[in-house]
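K.L.:
Mind looking over this structure? Questions follow.
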Amino acid sequence: METKSCRKSLAVKTSHVLPPDTNTHGTLFGGKLMAHIDDVAAIAAARHARKTVVTASTDSVDFLAPVKEGDTICVEAFVTWTHNTSMEVFVKAVTENLVSGVRKVCTTAFLTFVAVDENGHPIPVPSVVPETEFEKQLHNHAPIRAKHRKERRANSKELASTFGTSFPWDR
């Protein structure tokens, strides 16, 4: 299977932040930003794999700066690391005031996607080769993030098993 550079998967989406996208504070709903993040990350993963992909996990999403009504939001994503059927995607969201030109990184996140066949079964993906120092840094630290994801997933499965589908007061 061929190897691909990180830049081959780059996906970018820029959108205006309009009134229906904002909360009572005049800032972008967090869920709206998370939808942009998942959308662009999925495009990057599919571009890398050239297969259908599904979101397997989203690492913590930290909102670093508000995105105000009238600003733009630019979401950039690319594949940083692969492992058999999965791909780690780094996402950076930048808000820009188009009048002043002030730009701020408002969010960063890592998501994991799995490539699947027409029956929804995981299939192998090409490996990724980092080229820039930034890409190499992300790539080199990816196994540590993957280990943390695996531990977090095991904890989530344990919680799901313990608490089941009913609320504690319904037992």
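Since every read-out is calculated from the coordinates, none of them should be taken as a lab result. Everything quoted here is computed from the prediction, not taken from an experiment. All Cβ positions, glycine included, derive from the backbone under ideal geometry; neighbour counts span all protein chains shown.
K.L.:
Give, in nm to one decimal, the length gained when the segment between Thr52 and His83 is fully stretched (0.36 nm per residue of separation minus the Cα-Cα distance).
P.N.:
Values: separation 31, 0.36 × 31 = 11.16 nm, distance 1.63 nm.
Length gained, Thr52 through His83: 9.5 nm.
K.L.:
Now for a different question. With r defined as the distance between the Cβ atoms of Phe29 and Glu133 and R0 fixed at 41 Å, what FRET efficiency is calculated, to the nearest 0.05?
P.N.:
Details: r = 35 Å, r/R0 = 0.85.
Between Phe29 and Glu133 the formula returns 0.75.
K.L.:
Where does the chain land at 222 nm, in deg cm²/dmol rounded to the nearest 500, when only DSSP H runs of n ≥ 4 count, each adding -39500 (n - 2.57), divided by all residues? Write down the numbers at each step before the final one.
P.N.:
Values: 2 runs with 51 residues, N = 171.
Value at 222 nm, helices only: -10500 deg cm²/dmol.
K.L.:
For the stretch 61-75, what does the Karplus curve 6.51 cos²θ - 1.76 cosθ + 1.60, with θ = phi - 60°, yield as ³J(HN,Hα) per residue in whole Hz, taken in order and with x for Gly and Pro?
P.N.:
The phi angles translate into 10, 9, 8, 8, 8, x, 10, 8, 3, x, 6, 10, 10, 10, 10 Hz.
K.L.:
Out of residues 5 or more away from Ala65 or on other chains, whose amide H comes under 5 Å of its own, with H placed 1.01 Å from N in the peptide plane?
P.N.:
Here the answer is none, since no amide H 5 or more places off falls under 5 Å of that of Ala65.
K.L.:
With label points built 7 Å along Cα→Cβ from the Cα atoms of Lys13 and Lys150, find their separation and express it in nm.
P.N.:
Going by the 7 Å Cα→Cβ label model, 3.1 nm.
K.L.:
Within the set Lys51/Lys150; Lys68/Lys150; Lys51/Lys104; Lys51/Lys147; Lys13/Lys51; Lys4/Lys68, which residue pairs have Cα atoms separated by over 31 Å?
P.N.:
Numbers: Lys51/Lys150 24 Å; Lys68/Lys150 35 Å; Lys51/Lys104 33 Å; Lys51/Lys147 25 Å; Lys13/Lys51 20 Å; Lys4/Lys68 36 Å.
With Cα atoms farther than 31 Å apart: Lys68/Lys150; Lys51/Lys104; Lys4/Lys68.
K.L.:
Would you look at the GNM of the chain, springs on alpha carbons closer than 10 Å, and say which of Arg103, Arg153, Arg47 moves the most?
P.N.:
Arg153
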